[in-house]
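Throughout, read-outs are computed from the coordinates displayed, never taken from laboratory work. These figures come from a predicted structure and were not determined experimentally. Neighbour counts run over all protein chains shown; Cβ positions are idealised from the backbone, glycine included.
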Amino acid sequence: MLSQRVQKLSESLTIAISQKARVLKAQGKDILAFSAGEPDFDTPEIIKEAAIKALHEGFTKYTAVAGIPELLTAVQTKLKKDNNLDYETNEIIVSNGAKQSLFNIFASILDKDDEVIIPAPFWVTYPELVKYHGGKPVIIETFENTDFKITAGMLKNVITPKTKALLLTTPSNPTGSVYSKKELESLAEVLKGTDILVISDEMYEKLVFDTEFTAVASISEDMLKRTITVNGLSKSVAMTGWRFGYCASKIEELNKAMIKLQSQSTSNINSITQKAAIPALLGEVDEDIEMMRKEFEKRREFVFEEFNKIEGLSAAKPVGAFYIFVNHKNISNDSMDFALKLLDKTGVAVVPGVGFGSEGYFRFSFATSMENLKEGIKRIKEFVR
Ligand code: PMP
Ligand code: GLU
């Protein structure tokens, strides 16, 4: 009965593990979840107030598919202010989370067997979306000793006449790596003269520690033309449940195609969320964002030190996002087995590396209280021992 396309799709492992932890907790089990990529902070008050105002004003109707003009102008302002990127408002499309932006992109660019280059470890959703749309994920394995980043040489090696796009995530989920301007320039050099698109997922842009974020499209005029910038407010502004993401691109026919697709699938995103997102994009909650970033930075120091004290485990220091990717190869190479046993024996939920394309690791989110982090790491230490 089911389509082959949907049968081949795997469930999102990050969501599946988080849901499993939720169910066990509801059954009264002592569960500590470090599986969800979700800030533990509440959405800033200014945003809630903007939403309440919109409701009271009766702003409850359908809007333009890509978003209301005021919102598109706010995204445009953000891209200029934060990233020095010049986009027209008709080059921006707002969707139900960056996840839908990515869905729209792959649906609009991929034909059968078109290749998308994805560096591993990757966020679980990318290869699934590529396959769902008939494309072929071409995975480049990266390594801990080079900060899990690809180089120009690695990129050159996998380009074929079928290459449609390169997907970059900076900062990375799950490793927390961030590409420097120089590193991006060398990747850009490889792409020059090709018609390869770049999909740049910059979801964790605001969450960087002792490093600078560089927007991929800002590298050069050539990169601006080929890059589809994807971003949102879920992680940086603690707005996961509001469902707000966007993409920006200079490619007119692609933008038209994505709007057409969204007009036939979900139409505009929630009208209230559109109004609520505006103050966040215009910098009105920058203090809240900085407060959260600082708190994540403290927790990062703690988890980095603690994991590296545990015999058998090691981890590189993340410079962005709120995950630490812990190496457990000295204990076992089977990350699914490791994570399931850890959950079963200690109630600690982490996401196995296999979901991100890298065996022998688990992803541990530090977007939770210090108290939980201390207790969780204590349990992991006992489990490993
Ligand atoms: N990209 C990355 C790298 C992510 O970790 C997430 C987390 N869900 C998303 C995109 C999608 O976020 P959202 O759909 O909530 O905007
Ligand atoms: N991006 C988050 C994560 O990696 C949320 C879950 C999801 O959408 O996959 O955990």
Notebook entry, point to check: Helix-derived [θ] at 222 nm for the chain: sum -39500 (n - 2.57) over DSSP H runs of at least 4, divide by residue count, nearest 500?
Noted result: -13500 deg cm²/dmol
Note to self: Counting other beta carbons within 10 Å of each residue's own, what order do Thr77, Thr214, Thr194 fall into, fewest first?
What the structure shows: Thr194, Thr77, Thr214
Notebook entry, point to check: Per the Kirkwood formula on distinct C-alpha pairs, the Rh of the stretch 138-261 is how many angstrom?
Noted result: 15.4 Å
Notebook entry, point to check: Residue farthest toward the positive end of the dipole of the chain, with Cβ of Lys/Arg at +1 and Asp/Glu at -1: which of Ser220, Tyr132, Val237?
Noted result: Tyr132
Item checked: Contour minus Cα-Cα distance for Asp286 and Val384 (0.36 nm per residue) -> 31.3 nm
Next item on the list: Average the reciprocal distances over every distinct pair of alpha-carbons in the stretch 310-357, invert the result, and give the Kirkwood radius in Å.
Entry: 11.6 Å
Notebook entry, point to check: For the stretch 110-206, what is the charge dipole size about the Cα centre, in debye to the nearest 20, if Lys and Arg each add +1 at the Cβ and Asp and Glu each add -1 at the Cβ?
Noted result: 120 debye
Checklist line | Neighbour-limited loop hits for chymotrypsin sites (Phe, Trp or Tyr not before Pro), the stretch 127-189 (at most 10 other Cβ within 10 Å; DSSP other than H, G, I, E, B) | finding: Phe143
Note to self: Given contacts defined as C-alpha pairs under 8 Å and at least six residues apart, what's the relative contact order of the stretch 105-154, whole-number percent?
What the structure shows: 39 percent
Note to self: Could you give the length gained by full extension between Ile159 and Lys29, i.e. 0.36 nm per residue of separation minus their alpha carbon distance, to one decimal place?
What the structure shows: 41.9 nm
Notebook entry, point to check: Dividing the convex hull volume of the Cα atoms of the chain by its residue count, what figure in Å³ per residue is obtained?
Noted result: 148 Å³
